[in-house]
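Everything below concerns the one structure shown next.
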Amino acid sequence: MAEESGIRLQKALAQAGIASRRAAETLIEQRRVEVDGQVVTEFGTRVDPAVSVIRVDGERIPPITAHVYLVLNKPRGVVTTMSDPQGRPCIADYVQDRSERLFHIGRLDTDTEGLLLLTNHGEFAHRLAHPSYEVSKTYVAEVEGNVKPGVLRRLLDGVRLEDGEAQADTVREISSIKGRTLIQITLHEGRNRIVRRMFDAIGHPVKRLTRTAIGPVRRGNLHTGELRELEGKELGQLLDLVDL
């Protein structure tokens, strides 16, 4: 924590929309605010909002920054690129009114719909996509056939693919009708077409696939084709997950 540089902690909390300056003083007085791992007890504490790790009641407050963090509910049939020489619908079509130079974090197959993160923060994107940080991703898959519990269990135990074993963190059947089963699956890796290949390996090809969550980010009421900024709590949790 810097003594003479930066801005007063109360002002940083107010700028982040956490509380008014007076209410921020109450939070500090109640020892509910941490800066860089230390509980703050002095009203005069100064911070650099772009660098300091600030928490209120243990929850990370995202830094004040010029970076943008967006989530798109990608429609089926849209190519996960920022341009397409063949003229197919692509991600750029949904951010035309943004002035920032954005890029997508990871990708979704053209035939897969659901959540995709976009940003102009290079290090954040690099870390979030890196397998060492093991950020979980949740999908809902409609697959061919009625999947027996023992077969579904194979996804948890691990299935062998041409590029190594793949294993789900969680898997559960949502519903089943004749010839079709709806399954929710969560895993923390992002190899190319990993979910589709895992279901192929157990003999139940995917007919339709939707990504419904990336770490703490949930689809919620975000309609297909809609874009929104990440909420402060979501972004704070993601920053923690990738050690930023």
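Okay, residues lined up against (1) closer than 26 Å to D111 by Cβ; (2) out of contact with any Pro (no Cβ under 7 Å at 6 or more places or on another chain):
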{"position": "G44", "(1), (2)": "no, yes"}
{"position": "P49", "(1), (2)": "no, no"}
{"position": "L72", "(1), (2)": "yes, yes"}
{"position": "G77", "(1), (2)": "yes, no"}
Practice problem: Output the number of residues of segment 168-181 satisfying the condition of being loosely packed, with under 15 Cβ neighbours inside 10 Å and not charged (D, E, K, R). | Solution: 6
Self-check item: Among (1) open to solvent by less than 60 Å² (accessible area, probe 1.4 Å); (2) free of Cβ contacts under 8 Å to residues at least 40 places away in the same chain; (3) closer than 30 Å to L102 by Cβ - the single one P62 does not satisfy
Solution: (2)
Practice problem: Output the number of the condition that M82 fails; it satisfies all remaining conditions of (1) part of a helix (DSSP H, G or I); (2) touching a Phe, Trp or Tyr at 6+ places or on another chain (Cβ under 7 Å). | Solution: (1)
Quiz prompt | Residue match in segment 109-120 (condition: open to solvent by 50 Å² or more (accessible area, probe 1.4 Å) and either farther than 23 Å from G77 by Cβ or modelled with pLDDT under 90 (or both)) | solution = no
Quiz item: Can you tell me how many residues in segment 59-116 are under 30 Å from A12 (Cβ atoms), more than 18 Å from the chain's Cα centre (by Cα) and acidic (D, E)?
Solution: 2
Practice problem: Using the structure shown, decide if R8 is surrounded by fewer than 15 Cβ atoms within 10 Å (Cβ to Cβ), farther than 30 Å from E226 by Cα, more than 20 Å from the chain's Cα centre (by Cα) and not aromatic (F, W, Y). | Solution: no
Exercise. Check S83 against each of (1) out of contact with any Gly (no Cβ under 9 Å at 6 or more places or on another chain); (2) open to solvent by less than 40 Å² (accessible area, probe 1.4 Å); (3) not charged (D, E, K, R) and name the one condition it does not meet.
Key: (2)
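Identify, please: which residue in segment 15-74 is among the polar types (S, T, N, Q) and assigned to a loop (DSSP other than H, G, I, E, B) and is, among those, modelled with the lowest pLDDT?
We begin by selecting, within segment 15-74, every residue among the polar types (S, T, N, Q); these are 15, 20, 26, 30, 38, 41, 45, 52, 65, 73.
Still in the list and also assigned to a loop (DSSP other than H, G, I, E, B): 20, 30, 41, 45, 52, 65.
Numbers: S20: 79, Q30: 87, T41: 84, T45: 86, S52: 84, T65: 73.
Of everything passing the filter in segment 15-74, T65 is modelled with the lowest pLDDT.
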Quiz item: Under 7 Å by Cβ, and 6 or more places apart or on different chains, what pairs join a residue from segment 204-217 that is more than 14 Å from I105 (Cα to Cα) with one that is assigned to a loop (DSSP other than H, G, I, E, B)?
Solution: H204/G145; H204/V147; T212/R219
Self-check item: The listed residue being closer than 20 Å to G236 by Cβ, buried (at least 17 other Cβ atoms within 10 Å of the Cβ) and among the aliphatic types (A, V, I, L, M), out of V56, V39
Solution: V56
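Please enumerate the residues belonging to segment 90-130 that are assigned to a loop (DSSP other than H, G, I, E, B) and of a type in the set (A, V, I, L, M).
Listed by number, the residues that qualify are V95, L102, L108.
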Self-check item: Flag for D243 being within 30 Å of Y94 (Cα to Cα) and either outside any strand (DSSP E or B) or among the acidic types (D, E) (or both)
Solution: yes
Exercise. Please verify whether segment 131-138 includes one or more residues that are in contact with a Gly (Cβ under 9 Å, 6 or more places away or on another chain), at pLDDT 85 or above, among the aliphatic types (A, V, I, L, M) and assigned to a strand (DSSP E or B).
Key: no
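Filter segment 182-210 for residues that are farther than 24 Å from R160 by Cβ and either within 17 Å of the chain's Cα centre (by Cα) or among the hydrophobic types (A, V, I, L, M, F, W, C) (or both); which is most open to solvent (accessible area, probe 1.4 Å)?
Restricting to residues being farther than 24 Å from R160 by Cβ and either within 17 Å of the chain's Cα centre (by Cα) or among the hydrophobic types (A, V, I, L, M, F, W, C) (or both), the top hit is L182.
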Exercise. Looking at (1) closer than 27 Å to I202 by Cα; (2) at pLDDT below 95, find the lone condition where M82 falls short.
Key: (1)
Self-check item: Failed condition for R154, given (1) within 28 Å of V78 (Cα to Cα); (2) out of contact with any strand residue (DSSP E or B) (no Cβ under 8 Å at 6 or more places or on another chain)
Solution: (1)
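The values are calculated or read from the model by the stated rules, or taken from the named source; none is laboratory data. The model shown is predicted, which means the values in this text are computed figures rather than measured ones. A quick note on method: Cβ atoms are made from the backbone with ideal geometry, for glycine too, and the neighbour counts reach across all protein chains shown. Side chains included, ligands, DNA and RNA excluded: accessible areas come from the protein's heavy atoms. Shrake-Rupley method; radii C 1.70, N 1.55, O 1.52, S 1.80 Å.
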